[in-house]
Structures are given as structure tokens and as C-alpha cells.
Amino acid sequence: MTNTQLTWLRRNLFSTWYNSLLTVVCLVLLFWVVRGVLIWATTQAQWAVIQVNLRLFLVGRFPQALYWRVWIVLAIASTLGALTWGVFSGKQQLRRRRFALFALISGVILVVLPLDFISRLWLLLIAVLLFASFWIGGRFAKVIALWLSLLWLLSFPIILWLIGGGFGLQSVSTNLWNGLLLTLLMAAVSIVLSFPIGVLLALGRTSNLPAVRWFCILYIEVVRGVPLIGILFLAQVMLPLFLSADVRLDRVLRAIAGLVLFSAAYMAENVRGGLQAIPRGQIEAAKALGLNTPLVVILIVLPQALRAVIPAIVGQFIGLFKDTSLLSLVGLVELTGISRSILAQPQFLGRYAEVYLFVGLIYWVFCYSMSLASRRLERRLNN
């Protein structure tokens, strides 16, 4: 231990007698908790419930003969994710991150070795795509950055086509979209749709047109005053009443509508905070240069406003991703819903700790990834 580290410990943890006492007590409690968790995880926990039901956790009742479509979707999303990571990674740390990413891929492959041979081959292919995409993204960052948003937009309908079928592929009922697959689809669709709606509501709330402004204010305040579960039930029960008898919306579409309507109201308030942070002088200067109002908003106001509220926007996305767990209350078997089905199996009754720890780990991985991407984006935009 270096002198600098010893100085830091002495200054922050052992500066006085009561700080030293608190440090020792906290260390003892931490040791006691970690020791208990390790003993339980290695001697008492029955992790077979995860291994046996891994497919149910990930894809639910999706037809096993069509798993290749899910693997292609995972390959597309992983490739674009690694490409984006490579684009937004700094050149100075690019090499170190390449090795870190490769080590992470290797660790994931080792963890899932009990899967069948075909699954191993798919995972190996995805690992190669991850490494290659990350390298390409870092090497040609300036060129790829211009097309990155378009690539994500084009991949979106392709992914939905592969999962749902149609247009030459066998259709898969949404009743078979379960587990993590449904959670990710619902979160991704809701995020993509609620963001532009929220921006429009924020602009409408600051509009000079009274009808537009008061409509946006009424919508935002009403939706924010109702809990999400209420919005979901209203979308499931009331939305079909506003449609003709010939039009029948699927339960998944109704749930997406509820999530989008709810999230857009909160997104609007986050964006409005960024709009209020823009100095009035910039708007007046842009108009003095001859720009009309739409160009001022698109070129001057919105870019700065969105950059200022990136943490709030990503926080809203994370909250929306976690809120998908409420879909099990309206009959959709997402990740937490499939967990209840697994816990109902006779051989795994009472295995709540193992199942919900695994589910919690999945949620944490995705939420932390979004938080990490947010910090990278902030750092890149501030340079």
C-alpha cells in the first residue's frame, strides 16, 4: 500500500476516534453480510431453478423451432450496440476497452457453456461480431457516426418483423412473446415512441398558441396525476371502446399505448426543464440572423436543451424499463410474470430468493448499461 493510499485512509476513515469506531463497525457488518450471502449461495441455494428454466426466463414460450430468429435479433442488437460503443469511446482508451470487451465476451461464453451446441455456435458468432463491430466503430468513428441513427432506425422494423413474423415468415402470436424478450421489446418500443411525443408536448407547453399550450398542460398534469397501473388498466379496458368493432388491438399494443402515454408526460417535463435553461438572448440572436421559429427550435434550442437534460432523460428511460414489470398485472407474461410461473412448478416451490435475485441481476445489468451509455454520451458531447 502506497503512502498516498495510507494518507487517504487516515484522512477519510480513521481521522478521529469515532470515525475509526464507525469504520470498524461497518467493516464487521459488511464482512458478516458478505459471509452469510456467500455461505447461502454456495451451500443452500438451489441454482438448478435458473439452469432448468433459463429458456423460459429469456424467451418464454416462443417456439423452439424459431429460435434462430431470436438469435438473429440478438446479433443485430449486439452488433449495433458494440458499434455505438466503439464510436463513443475515446481514442486514448480504445485499446484497453477492446481487451475489456473481449474478456467480458469470453466470460459470458464460459458461463453459458451448459447450453446446447447450436446455442454455443450462435454465441461464438455474436462474440466475434461484438469484437469486430467495436473495433470498426472505434476505427471509423467519424464516418459511422453520421449513419448510426439511421442504422438503429432501420434495424427496428427488421427486429419486429423477425419476432412477429409475417411477410414471408411464419407468424408468432404475441401470447408466445414472454420473458426477457417481451420486456426488452416493450421497453424499446415505448422509449422510441415516447421520446418524440414528449418533446412535442414540451414544445407545445411553451407555445404561444393558447389552445396548444393548454391542451399540453392538461394532458401532462392529468397523466402525471394517475399511477401507471391505472393507465395500463385504462389502456386494456377503455381503448377498445374508442375503436370500431372491426378493429381489435392486441394486448401488447394496448400495453405499449399505456406505457407511451404515461412516459411521454414525464418526458415532456424533463425536456421543458432543458428548454427553460436556454438563454433568451440566443433565440433573439438567431432570429436576428433571419432564422424562422421552426429553424430556431430545431437548430438552436432543442440540441442544447436535450444535451442539458441527458441524465433526466436516461433516468426516465431506466424507470420505464423497470416499469415493464407491472405488465404482469394486466395479463402479459414478461420477465417477472414468467418468474411467477416458474415458482409455481412443484419442484421449485419456495425458491423465491434464487429466482428474484436472478431477475434483479438482469434488470441491474440493463439499467447500469443505460446509465453507463448516458455518461459516455455526456462526456462525448461536452468535449
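For region 120-127, what does the Karplus curve 6.51 cos²θ - 1.76 cosθ + 1.60, with θ = phi - 60°, yield as ³J(HN,Hα) per residue in whole Hz, taken in order and with x for Gly and Pro?
Each residue of region 120-127 in turn: 4, 5, 4, 5, 5, 5, 5, 4 Hz.
Can you compute 3J(HN,Hα) from phi for each residue in region 8-24, using the Karplus curve 6.51 cos²θ - 1.76 cosθ + 1.60 with θ = phi - 60°, rounded to whole Hz and x for Gly and Pro?
5, 4, 5, 6, 9, 10, 10, 6, 9, 5, 6, 5, 5, 5, 4, 4, 5
Among L22, L162, L66, which one shows the biggest mean-square fluctuation in a GNM of the chain, springs joining Cα atoms closer than 10 Å?
Among L22, L162, L66, the largest GNM mean-square fluctuation belongs to L22.
Roughly how much of V260 is accessible, in Å² to the nearest 10, using a 1.4 Å probe?
Surface accessible to solvent at V260 totals approximately 10 Å².
Carbon and sulfur: what percent of the chain's accessible surface (1.4 Å probe)?
Values: 16010 of 22660 Å².
Accessible surface attributable to carbon and sulfur in the chain totals 71 percent.
Treating only the Cβ of Lys, Arg, Asp and Glu as charged (+1, +1, -1, -1), what charge dipole size does the chain show about its Cα centre? Round to the nearest 20 debye.
The dipole magnitude comes to about 1120 debye.
Separation of region 199-216 and region 286-353 by C-alpha centroid, Å?
Each part reduced to its Cα centre gives a spacing of 23 Å.
Under a 5 Å amide H to amide H cut-off, with H placed in plane at 1.01 Å, what residues pair with E334 once short-range neighbours are removed?
G179, S328
What residues qualify as long-range amide H neighbours of L169, i.e. H under 5 Å apart, gap of 5 or more or another chain, H built at 1.01 Å from N?
none
Have a look at Q276, Q44, Q170 and tell me which one the Gaussian network model of the chain (Cα, springs below 10 Å) gives the largest fluctuation.
The residue with the greatest mean-square fluctuation here is Q44.
For the chain, report the accessible area per residue in Å² (1.4 Å probe, heavy atoms, rounded to an integer). Each step should come with its number before you reach the end.
On the way: 22660 Å² over 383 residues.
Per residue, the chain has 59 Å² of solvent-accessible surface.
What residue among L184, L83, L249 shows peak mean-square fluctuation when the chain is described by a Gaussian network model with Cα springs under 10 Å?
L249
In whole Hz and in residue order, list the ³J(HN,Hα) couplings for region 358-373 that follow from phi through the Karplus curve 6.51 cos²θ - 1.76 cosθ + 1.60, θ = phi - 60°; x for Gly and Pro.
5, 5, x, 5, 4, 4, 5, 4, 6, 5, 5, 5, 5, 5, 5, 4
At 10 °C and a viscosity of 1.306 mPa s, what translational diffusion coefficient does Stokes-Einstein give for region 22-74, taking Rh as the Kirkwood radius over Cα pairs? Give it in µm²/s as a whole number. Mind dumping the intermediate values first?
On the way: Rh = 14.5 Å.
Value of D from the Cα-based Kirkwood radius: 109 µm²/s.
In deg cm²/dmol and to the nearest 500, what is the mean residue ellipticity at 222 nm of the chain if only DSSP H runs of at least 4 residues count, each as -39500 (n - 2.57), divided by the residue total? Provide the component values of the computation, followed by the final result.
Working: 17 runs with 279 residues, N = 383.
Using -39500 (n - 2.57) per qualifying helix, the result is -24500 deg cm²/dmol.
The values are calculated or read from the model by the stated rules, or taken from the named source; none is laboratory data. This one's a predicted model, so the numbers in the text were calculated from it and none came from an experiment. For neighbour counting, all protein chains shown are included, and Cβ atoms are generated from backbone atoms with ideal geometry for every residue, glycine included. We work out accessible area using only protein heavy atoms, side chains counted, and drop any ligands, DNA or RNA first. Shrake-Rupley method; radii C 1.70, N 1.55, O 1.52, S 1.80 Å.
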